[in-house]
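Participant: Starting off with a structure, shown below.
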Amino acid sequence: MSHPSTLTVRVARKQREALDIDSFELVAANGEPLPVFTAGAHVDVHLPGGLLRQYSLCNPPGETHRYQIAVLRDAHSRGGSQAMHDLVKAGDTLQISSPRNHFELVPDAQRHVLLAGGIGVTPLLCMAEQLVSTAANFELHYCVRSRERTAFEARIANSRLAPHVKFHWDDGPA
Ligand SMILES: Cc1cc2nc3c(=O)[nH]c(=O)nc-3n(C[C@H](O)[C@H](O)[C@H](O)COP(=O)(O)OP(=O)(O)OC[C@H]3O[C@@H](n4cnc5c(N)ncnc54)[C@H](O)[C@@H]3O)c2cc1C
């Protein structure tokens, strides 16, 4: 089935995930299922003010009732992440692209080692969800400057991902 290149979505939920990181749950404004996406995919988000920025989908692939993205506020932002944090709120409508994937998992690998740095965890979290659902052999190393900057720590710790994930904090034990 082909999908329109631009989707209209509603922000169903905006949530603080960690210091300077907010997540956004996006649902189709017309209530229809969203296009299927694969682990590693991202969407282009048309921001208030006219900027276009890319954000990776971090919910389990296969979900069509929502997309989840998480955005780090960049201290030197020219406006993209700042707009997501300061201007976009629950209930708002946004235009996004259909998901595209330039960062696909190798399906037949015998073992996957996922290395995440900070907000770069977003596509890898989606990959981890995919790998755990297929009982694949994998580990995710999640490196973050500090615990307060660690998005999705509770989600990981309280899920079947937990045994596969190792956290590395710059300010933690060596
Ligand atoms: C495929 C893809 C997926 C992504 N997924 C995520 C995600 O899941 N979460 C997330 O938070 N971000 C993600 N990003 C990054 C995101 O698209 C934005 O780039 C990010 O939010 C910053 O946008 P901004 O407008 O706030 O900052 P920008 O204004 O784009 O600035 C970003 C950085 O570039 C530097 N910079 C600005 N101008 C210049 C210049 N002229 N020369 C050199 N350096 C400059 C700034 O100092 C700043 O540190 C993704 C990007 C891609 C391509």
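All of the numbers you see were taken from the coordinates with simple rules; none came from a lab. On a predicted model such as this, the values are computed, not experimentally measured, just so you know. Neighbour counts are summed over all protein chains in view; Cβ atoms, including those assigned to glycine, are modelled from backbone coordinates with ideal geometry.
Participant: State the extension gain, in nm to one decimal, for the chain segment bounded by SER77 and ASP171, taking 0.36 nm per residue of separation less the distance between their alpha-carbons.
Facilitator: 31.3 nm
Participant: Counting other beta carbons within 10 Å of each residue's own, what order do THR150, THR8, THR38, THR134 fall into, fewest first?
Facilitator: Arranged by neighbour count, lowest to highest, THR150, THR8, THR38, THR134 become THR134, THR8, THR38, THR150.
Participant: Also, I was wondering about something else. First obtain the Kirkwood hydrodynamic radius of the stretch 39-165 from its Cα pairs, then insert it into the Stokes-Einstein equation at 10 °C and 1.306 mPa s, and state the resulting D in µm² per second as a whole number.
Facilitator: 102 µm²/s
Participant: Sticking with this one: Run the numbers on the chain and let me know its relative contact order in percent, using alpha-carbon pairs under 8 Å that are six or more apart.
Facilitator: Normalised by residue count, the contact order of the chain is 25 percent.
Participant: Relative to the Cα centre, what is the charge dipole magnitude of the stretch 1-160, using +1 at the beta carbon of each Lys and Arg, -1 at the beta carbon of each Asp and Glu, and rounding to the nearest 20 debye?
Facilitator: Computed about the Cα centre, the dipole is about 260 debye.
Participant: If you don't mind, there's one more thing I want to ask. In nm, to one decimal, how far is the SER5 label point from the ARG100 one, both placed 7 Å along Cα→Cβ?
Facilitator: Placing both labels 7 Å beyond Cα along the Cβ direction yields 0.9 nm.
Participant: Here's another thing I want to ask about it. Using the alpha-carbon centroid of each, what span in Å lies between the stretch 9-64 and the stretch 129-156?
Facilitator: Comparing the Cα centres of the stretch 9-64 and the stretch 129-156, I get a distance of 19 Å.
Participant: Show that you can apply the helix-only estimate: for the chain, add -39,500 (n - 2.57) for every DSSP H stretch of four or more residues, divide by all residues, and state [θ] at 222 nm to the nearest 500.
Facilitator: Mean residue ellipticity at 222 nm (helix-derived): -4000 deg cm²/dmol.
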